[in-house]
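In what follows, a structure is listed as structure tokens, so that the remarks can point back to it.
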Amino acid sequence: MVKITFITQENETITVEGNSGSIMELAVNNTIKGIDGDCGGVCSCATCHVHVAPEYMEVVGPPSEIENDMLELDDNVTEYSRLSCQIPLKETLDGIVLKVAN
Amino acid sequence: MDKSQLNDPFEKARLEKGIGHMNDQGDPVQMLLRLKDVRKAAHQWKNFQSGGEDIGRIVVPSEEKIRDIRQIPFEVDPPEHGEYRALVEAWFKRPLEDEYQEKLHKQIQSLIDRVLQMDSVEVVSELALPLQSRALTLLLNIPYEEAETWIGWGTHVFRSEDTALDGDKANILYKYIDAQIDKAIADPGEDLYSVLLDADFQGRKLTKEEVKGVMILTFAGGRDTVINVVTNTIAYFAEHPESLNRLKKEPEVIGKAVEELVRYFSPLTHMGRVVTADTHVCEHAAKANSRISLCWASANRDASVFEQPNEVVLDRKMNPHVAFGFSHHKCLGATHARQILKTLITVLADKSPEISILDAKENIEDLDQFKRKVGFNSLHVQFKYTT
Ligand code: HEM
Ligand code: FES
């Protein structure tokens, strides 16, 4: 089980656990506010935008070009922005903190 | 084996120039054809507006001459646009609720059961239209029987056989909505009309005119588009039974298949914007007060983003399509539309009927420089149980 912590726009901190799928799916299954995952994870809706805590950015890695093009035109984009549907859950992410961007 | 195919008429122009031209009733439109340009222009609402003075002008063909009611939130720009959307955003997410999904499933199941009994089915009028109308009663939260009235209007509420736009036909819808609003004022319920009438907007209630503007849009935006998706989906599975079999065995792919089919069909070809100040689009001059359009259908075949853009790849993983639009005005009905398509595929996969196309009349959109097949005016098929 991998532990993931989300901080919502209302500053609520929620820690959940999962072992497969993407971070977006984990968030949607746990009804994390601000992560809707409208397109089901195909990089078309940007309703799964998160800011990765800087110290975890290296493990998470940078967005692909297609993802980056989506992020570029979304609200509140920073250098720590990722679309959470594009981040598969894996052991190395255990303990990570993600801030919901919108 | 190619009746379900929708070709891409924009490829050459998209690659060579990035734009296309359409002369619509003397008010020309420069069509943006590349995905990145379409997205950017959709995002830049200050330069490319939806909420200008000329109501109906951002629709192509222009509805300026047949409509003087502003559609809300469609013909409003930020920041007001966001305030209107905030009133209805949660309402349009109701398709995610279990109860909604169960009712929708029952509706679609009973329609499919019925067509399975018929010798031949005209999909547009006998399946897609009733399906769309009945599902809309759920979205508006009104009695199921009301769908019969809408089915009676036929497939084209704004268009008739020989003209692209028909003001008289649109009037039927406007009068109907007026009457429904009056009814909701007299006897408020838990339907969308009543919710809108009760909503607080900038410290006041919405006017009847504003409520009408939202309701017209809900009827208009969700009609041809959904009918198109349902009809094209039936044609696609008729010619690709292997795909239906796969989705039966791998239901976890259905979500991706929904996105891919919507990308491939792109039921709404393009939508206009009015240029607010002299500028450039894709290196071509665009003058103040001229029109551009965001061509979702072309953007969705952009080979610089989509591998094998002209193929339906059911489990396409990266699929940043714009079939539901992009940025501020992205489709409010998308949750409902996605749920309809997901349910239809689930029911079809479960029954796995053999579907044969008996006769098809294509619906070709005339975009001046381009002719685009968007679907069918009629599609006769036969459904047969295989088990
Ligand atoms: C597969 C079906 C559908 C497709 C492909 C589709 C496509 C679109 C597109 C491309 C836009 C953006 C227009 C723009 O940027 O100017 C849009 C907006 C909109 N759609 Fe849909 N639509 C579909 C179904 C529906 C349904 C079922 C409804 C409601 C019953 C609906 C209601 C709306 C509304 C209200 C807007 C305006 C949103 C705004 O301006 O903020 N649509 N749709
Ligand atoms: S869920 Fe749609 S882009 Fe991530």
* Calculated [θ] (222 nm, deg cm²/dmol) that DSSP helices of n ≥ 4 give over chain B, each run adding -39,500 (n - 2.57) -> -13000 deg cm²/dmol
* Asked: Cross-link partners among aspartates and glutamates for residue B:93, C-alpha distance below 16 Å, same-chain residues fewer than 8 apart left out?
  -> A:36, A:38, B:102, B:190, B:191
* How much of the DSSP beta bridge set in the protein assembly as shown is antiparallel, as a percent to the nearest 5? -> 85 percent
* Provide Rg and Dmax in Å for the range A:2-100, with only Cα atoms included in the calculation. => 11.9, 31
* Asked: So what is Rg over Rh here for the range B:86-244, counting just Cα atoms and using Kirkwood for Rh?
  -> 1.00
* **Virtual spin-label span in nm between residue B:89 and residue A:12, 7 Å along Cα→Cβ** => 1.5 nm
* To do: Enumerate the whole-percent occupancy of each 5 Å bin, from 0 to the last occupied one, for all C-alpha pair distances of the range B:100-152.
  => 4, 20, 31, 25, 14, 5, 1
* To do: Among the lysines, select those whose C-alpha is under 17 Å from the C-alpha of residue B:3, and discard any that sit fewer than 8 residues away in the same chain.
  => B:361, B:371, B:373
* For the range A:43-51, take each phi angle, set θ = phi - 60°, evaluate the Karplus expression 6.51 cos²θ - 1.76 cosθ + 1.60, and give the result in whole Hz per residue in order, putting x for glycine and proline. => 6, 10, 10, 6, 8, 9, 6, 10, 9
* **Relative contact order computed over the range B:1-152 (Cα-Cα under 8 Å; 6+ residues apart), in percent** => 11 percent
* Structure fact -> With bins of 20 Å, the percent of all Cα-Cα pairs of chain B per bin from 0 is 28, 60, 12, 0
* Structure fact -> Comparing B:71, B:308, B:30 in a Gaussian network model of chain B (Cα, 10 Å), the one with the largest mean-square fluctuation is B:308
* To do: Run the numbers on the range B:325-385 and let me know its relative contact order in percent, using alpha-carbon pairs under 8 Å that are six or more apart.
  => 31 percent
* Surrounding net charge for residue B:184, when Lys and Arg each add one and Asp and Glu each subtract one, Cβ distance under 13 Å -> -3
* Say each of residue A:29 and residue B:187 gets a label point 7 Å from the Cα, pointing the same way as Cα to Cβ; how far apart are those two points in nm? -> 4.7 nm
* Structure fact -> Note: A:33-43 gets an average of partner chain Cβ contacts (10 Å, Cβ to Cβ) equal to 5
* Keeping all protein chains in position, work out how much accessible area residue B:67 exposes to a 1.4 Å probe, and write it in Å² to the nearest 10. => 10 Å²
* Structure fact -> Inter-chain shielding metric for B:182-193, i.e. average beta-carbon neighbours from other chains within 10 angstrom, reads 0
* **FRET E, pair residue B:98, residue B:118, Förster distance 35 Å, beta-carbon r, rounded to 0.05** => 0.65
* **³J(HN,Hα), Karplus 6.51/-1.76/1.60, whole Hz, each residue of the range B:173-188, x for Gly, Pro** => 5, 5, 5, 4, 5, 3, 5, 5, 5, 4, 4, 5, 5, 5, 9, x
* What full-extension length gain, to one decimal in nm, is calculated for residue B:204 and residue B:105 as 0.36 nm per residue of separation minus the Cα-Cα distance? -> 31.8 nm
* Asked: What relative contact order, as a whole-number percentage, does chain B give when Cα pairs under 8 Å and 6 or more residues apart are counted?
  -> 27 percent
* For residue B:358 and residue B:168, compute 0.36 nm times the residue count separating them, minus their Cα-Cα distance, and round to one decimal in nm. => 65.0 nm
* **Which of B:231, B:225, A:31, B:386 is most accessible, then next, and so on - probe 1.4 Å** => A:31, B:386, B:225, B:231
* Which number do you get for Rg(Cα) / (2.2 N^0.38 Å) in the protein assembly as shown? -> 0.97
* **Nonlocal amide H pairs with residue B:365, under 5 Å, H built at 1.01 Å** => B:372, B:373, B:374
* Return the sequence-ordered ³J(HN,Hα) values of the range B:348-353 in whole Hz as given by the Karplus equation 6.51 cos²θ - 1.76 cosθ + 1.60 applied to θ = phi - 60°, using x for Gly and Pro. => 5, 4, 5, 7, 6, x
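The values are calculated or read from the model by the stated rules, or taken from the named source; none is laboratory data. Keep in mind that this is a model prediction, so the values were computed, not measured. Because the Cβ atoms are built from the backbone with ideal geometry, glycine has one as well, and the counts that use them run over all protein chains shown. Keep in mind that these areas ignore ligands, DNA and RNA; they rest on the heavy atoms of the full protein, side chains included. Shrake-Rupley method; radii C 1.70, N 1.55, O 1.52, S 1.80 Å.
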